[in-house]
1. For the range B:180-206, enumerate the residues that are assigned to a helix (DSSP H, G or I) and within 16 Å of residue B:272 (Cβ to Cβ).
2. Residues of the range B:116-147 being in contact with a strand residue (DSSP E or B) (Cβ under 7 Å, 6 or more places away or on another chain) and either more than 14 Å from residue B:228 (Cα to Cα) or surrounded by fewer than 20 Cβ atoms within 10 Å (Cβ to Cβ) (or both), which ones?
3. Out of curiosity, is residue B:47 within 9 Å of another protein chain (Cβ to nearest Cβ) and in contact with a strand residue (DSSP E or B) (Cβ under 6 Å, 6 or more places away or on another chain)?
4. Here are some residues: B:213, B:180. Which one is modelled with pLDDT of 95 or more and either at positive phi or in contact with a strand residue (DSSP E or B) (Cβ under 6 Å, 6 or more places away or on another chain) (or both)?
5. Only one residue in A:88, A:74, A:92, A:57 is within 13 Å of chain B (Cβ to nearest Cβ) and within 22 Å of the chain's Cα centre (by Cα). Which one?
6. What is the one condition in (1) within 14 Å of chain A (Cβ to nearest Cβ); (2) part of a helix (DSSP H, G or I); (3) crowded, with 20+ Cβ neighbours inside 10 Å that residue B:110 does not satisfy?
7. Can you find a residue that is modelled with pLDDT of 90 or more, within 27 Å of residue B:389 (Cα to Cα) and outside any strand (DSSP E or B) anywhere in the range B:9-31?
8. Can you find even one residue in the range A:391-403 that is buried (at least 19 other Cβ atoms within 10 Å of the Cβ), free of Cβ contacts under 8 Å to residues at least 40 places away in the same chain and more than 14 Å from chain B (Cβ to nearest Cβ)?
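The values are calculated or read from the model by the stated rules, or taken from the named source; none is laboratory data. As the structure is a computational prediction, the values presented were derived from the model and not from experiment. All Cβ positions, glycine included, derive from the backbone under ideal geometry; neighbour counts span all protein chains shown.
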């Protein structure tokens, strides 16, 4: 069967929305073309043209991250990210970087808990080079005893440096495990030194063979290119890469999770100042709840005008540092806050203030102007991810791997703008219950 | 079908399949050739001068849902009165901290209500305020900007808070050996020149009064000394009308500004050490005065810089880190001002490698090493610069910044559109000629690190002047002298 090509433009979505009397017109920034199709070997392809500048970004994202690791082999996904720069059948070690840099391009990779991205942005006349490089390492990554040992050494050294330089990092790992008790969802991305040492060439080969295959990946090209030429190049470089075995979904979280201790205290003489994590396990959300939750998250934690920053850092000055936000792993969403305080008394006050601010959302309607401000921040952040080639390609890959319909991005955007003060009060009461709250206090001993 | 025919057909099939596989293998063996170089056409910079002298510059990008605003006041650190350094920076940070009608908190609320953030950067010759907003909030953004620029009131409480914040910010930055080393380099290069005022220590901040700030504002924050750049989906006519609505009551004032000649290049060999007792490694920062962006040598110098230290594939990084193993990193670069530039090399090296690293960097900048630059290297460097340039224009704020540079450095409206063409024209002869001119005078060498760790190594140099972080000369080390 010939592959089916779907071409969407937001103008079409706009018409449908207008006829049905649904949310307001899709705003500017969404009127970019989008083509999606699948190769015979299962590789999902997304093309999005933008001729503003003669640049093009190529992203290959694999649905593989630490969630695919087995106990005793933590760090394998991150190691695999590193190995992908160690060369492939036709590209010598580190030559990938040289090829891209020589033409003024930019590149990088990153690993999330369930996916790994590889990407480069190059002048648009070099699209074929980017596809050649990505296809070669998809087809034949250089996984040898030597490359695996080199990558292990680099990661062990990086892990040691980060553990020294980032004194609170370990506490994030502990709290991950509290919010996501299953090994697959809660273990650290950088792995443990013991596990990294244990990883063998065979482990890496098996991981790549199972997950770094076209039918477990998505390729997105975004920027200045011609569609027919791009399709031709994609077919040339990727279509002949053999399909891998079927990739089963990771086991859903929750089945093996013992109930975590609600509140834990860790004393560490190396902790520079007292700090704490608080989090709410919110479970599986409906789409409408997820939209409202994003707006609520912005109200609470985004930027210096957020409720928590204003109260904890600016007004009461009981926090020196504050971060927080939503996280979704395996379909389970959590909301978390981390704060560092000058002393233990202030840390306690701080934690109570976080609970009070969440309580306020349950009992008081958010003023319209504050809600409007949160929506403006949401709009800005959402549009930022679509206006230049690389962020757009990364975003499209991410949303595809999350199972979101890309043709409805405009609708998704608009639904967030429909959130009302009533929605937020109702959501806060349903989800932010005391029995969903967990905490981890860090003391200097 | 007889058996032999079946075998033959089978063989043919295998051969055909093998042939296909071989063909596939073949195209994978080597990198594909690029298509012809695409033309980079940046949007034109259109500008108009309002009746009060305010220059409005517009860079149009129709697809953009956001607008980037940059207010560029053509006065910076070098314009602070000679005895009160830091005034330019404090004045800049006081913008948005109170007006005759609005408190700092109210302004902050208004900025936040449109999802904006007013970012301030005071450099030597100019001060840039950046404000990015959604197109739908443009009028509200202009209203806020109009209020904070036209009605700045410098309330006492906000003034003290700004001074405190800048003091601690500078104190904090002094923990970074690169910052300390570069500041010391500039102190030497700008010696006897008004630019030197920009290299102040945090303690001078306490000497600045509200009256100093008000006087600086009164003199320089004038429409006829300001460029307002708007990048986004708007034409010049509409932009001028909307900007004029909020800025037309800003009163111009005649500015008595005199032509400031650029600093002269350093001509003497000098090695300076800055003692940072807690530093573990040695940080090297060396450099000299270089040509401005308007000079004919600018583009050959960009190519030369790329060859030397623009990226990890350049000579300095490959030599000092990959080949010799002396350095954690080694790069070169250039800061540009209106009438000159400052070329620099920065490297972080292990304590025992500090002396060979300095010598190796100087050798790389010398005629012998540069005499070996090949046409191939030139073309590679040009390929990088041409290929990378569009990426530096992707973000709307970068596009606005380029337009601002055109105005503040008087580059000419088509400067950035001629960038690629000017790089293409650079050849080996022009690079070598520029290298002779710019790199022949010896650079000032600054090493920052712990004197306790490094004293025994730097004794190998004939003479090293040792300074503290504040820039006070503590003592001089001579080769062969024990103490």
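1. Narrowing the range B:180-206 to residues assigned to a helix (DSSP H, G or I): B:180-189, B:194-199, B:202-206.
The answer is B:180, B:181, B:182, B:183, B:184, B:185, B:186, B:187, B:188, B:189, B:196, B:199.
2. First pass over the range B:116-147, keeping only residues in contact with a strand residue (DSSP E or B) (Cβ under 7 Å, 6 or more places away or on another chain): B:116, B:118-121, B:126-135, B:138, B:141, B:145, B:147.
Answer for the range B:116-147, where residues must be in contact with a strand residue (DSSP E or B) (Cβ under 7 Å, 6 or more places away or on another chain) and either more than 14 Å from residue B:228 (Cα to Cα) or surrounded by fewer than 20 Cβ atoms within 10 Å (Cβ to Cβ) (or both): B:116, B:118, B:119, B:120, B:121, B:133, B:134, B:135, B:147.
3. Values: within 9 Å of another protein chain (Cβ to nearest Cβ): no; in contact with a strand residue (DSSP E or B) (Cβ under 6 Å, 6 or more places away or on another chain): yes.
The answer is no for residue B:47.
4. The conditions single out B:180.
5. On the way: A:88 fails: within 22 Å of the chain's Cα centre (by Cα); A:74 fails: within 13 Å of chain B (Cβ to nearest Cβ); A:92 fails: within 22 Å of the chain's Cα centre (by Cα).
Just one listed residue meets the conditions, A:57.
6. Answer for residue B:110: the failing condition is (3).
7. yes
8. yes
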